[in-house]
Amino acid sequence: MSAPFRILWALAALLVLAGCGPVANEVAGRWEGFTEGGYRYVLVLDPGGTGKMSKLGGPGGFRETKVRWDYDSSAVVVRSASGSEFRWMPAGNRLVAKDSGFELYRSGPLAGYRYPLAAAVVALLATLVLTPFVKRLAERFGAIDDPKGDERRVHRTPIPRWGGIAIYGGILLGLLAVLPVAFPAARPFPPYLVAMLGIGALIMVFGALDDLYQFRALWQMLFLLAVGVAVQFFYSGGDRIQISGIVAPFSGQPGRWVPFGWAAVPITALYIFVVTKTMDTIDGLDGLAAGIAAIAASTLAVIAVYEGQPRVAIVVAAIAGASLGFLRHNFNPAKIFMGTGGAQVLGFLLACVSIVGAFKTAAAVAMLVPMLVFSVQLFDAVFVVVRRIRSRQPITKADKSHIHHTLLGMGLTQRQVVGILYLVDAILCALLLIGIRLYG
């Protein structure tokens, strides 16, 4: 195992241990928890009997109020400035509401990230273990990427595809292991998530067949648009994979909501198609798509935790973990490629989870979410289309007009190009997180 991956493993172990370690039992301190409605309460109790209580997400958006509190040896009594009173019963590292049973947990290190980290670690390990088996499966069925297939190939020897099967398997195992534990009293797999995973499996199968038979671009487009429409009709309550509207920017009316009505269906399908397809087209160098997916998923996980979307955070953390696990086998020189199915299933899942997560909570910067989280692949798509139009070539023609091919043509190595694109994507995602922290 190379030095960078040994460092990654050590950091992951330290983070998990820090997040699960012992914490003090004093009442004063920071407590937080998620309601079944999916929004977050944060209670900060200062030693002097004052503090503040915040609610993030849910009806009414963000709220914060000053409180006074006292402890009568059996309950923590919290009184807000409006006169509301809450009684919490201490239970170790928990404060349990007397009537509703709602629990606040001692924040401690990595508050909100423990279950997502667990999902990421399980998905990473599962993908690491599954990938060698998938590699042999691809070799057996002839799912091999021949460098002589077309002029855009940059590798020199035949390499097995179908690595996306291991990525999808890692994501699924991570969610199956963590979601039932994280949501013991609620439905761990709501309809929209079942639809995402089920349709993701169909995309994986379609992509695996495309790796063997090379379907026409038109059939790929129609299939991806169809699944983008289908996934919108599996929902319960407000959890739906659909861009139903957007906060109007520069309208002079802060927070003004513009609904899309019936146009929400094609708009959402088109958005899912673009993100899915651009993730596929960026998969042109060893480790590029997997690393970009890991950065995007990690960014969405942080947004989800901050905005009070624990289930979304777990899902995208599993995607990040599976992508990193696959990167161990896919980084230059690659032993296996993720193939069409892997790239498209990553794009599809990330597109869907960005809709149900960041689009619905980070309202003030919602328009920036796809532009920055998916910046590299979206820029590459625009770059390619413009170059092909200018040269009067079909926009679906496979060639070396992608941004990574251009950088290679400047004399950079594969690793240097991948590192540059990682860095650009990470910087833009960091800017997005800063924007959400300040304005979201």
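Nothing in this text is a laboratory measurement; each read-out follows from the coordinates by a stated rule. These numbers were taken from a predicted model, which means no experiment stands behind them. Using ideal geometry, Cβ is built from the backbone for each residue, glycine included, and neighbour counts are taken over all protein chains shown.
Quick notes on this structure:
- Modelled spin-label separation between D146 and S236, with each label point placed 7 Å from Cα along the Cα-to-Cβ direction: 4.9 nm.
- HN-Hα J in Hz across region 133-145 - Karplus 6.51, -1.76, 1.60, θ = phi - 60°, x for Gly and Pro: 5, 5, 4, 5, 5, 4, 5, 5, 9, x, 7, 10, 8
- Note on R390/W262: beta-carbon distance plugged into 1/(1 + (r/R0)^6) with R0 of 45 Å gives a FRET efficiency of 0.80.
- With the simple spin-label model, which puts each label point 7 Å out from Cα in the Cβ direction, the I246 to K400 separation comes to 3.7 nm.
- Each residue, I420 and V181, gets one label point 7 Å from its Cα in the Cβ direction; the gap between the two is 4.3 nm.
- Fully extending the segment from T65 to M89 would add 6.5 nm, taking 0.36 nm per residue of separation and subtracting the current Cα-Cα distance.
- In terms of packing, defined here as the mean over residues of other Cβ atoms within 10 angstrom, the peptides 423-430, 387-394 line up highest first as 423-430, 387-394.
- Cα gyration tensor shape of region 263-398, rounded if a/c is under 1.5, else prolate or oblate by comparing a/b with b/c: oblate
- Oblate is the label for region 186-227, because the ratio a/c of its alpha-carbon gyration tensor axes (a ≥ b ≥ c) is 1.5 or higher and a/b is not greater than b/c.
- Residue-span extension gain [K52 to E139] - 0.36 nm each, minus C-alpha spacing: 25.3 nm
- For G339, neighbours were defined as the other residues whose beta-carbon sits under 9 Å from its Cβ, and their charges (Lys and Arg +1, Asp and Glu -1) total -3.
- Anisotropy class of region 312-354 from Cα gyration tensor, a/c 1.5 cut: oblate
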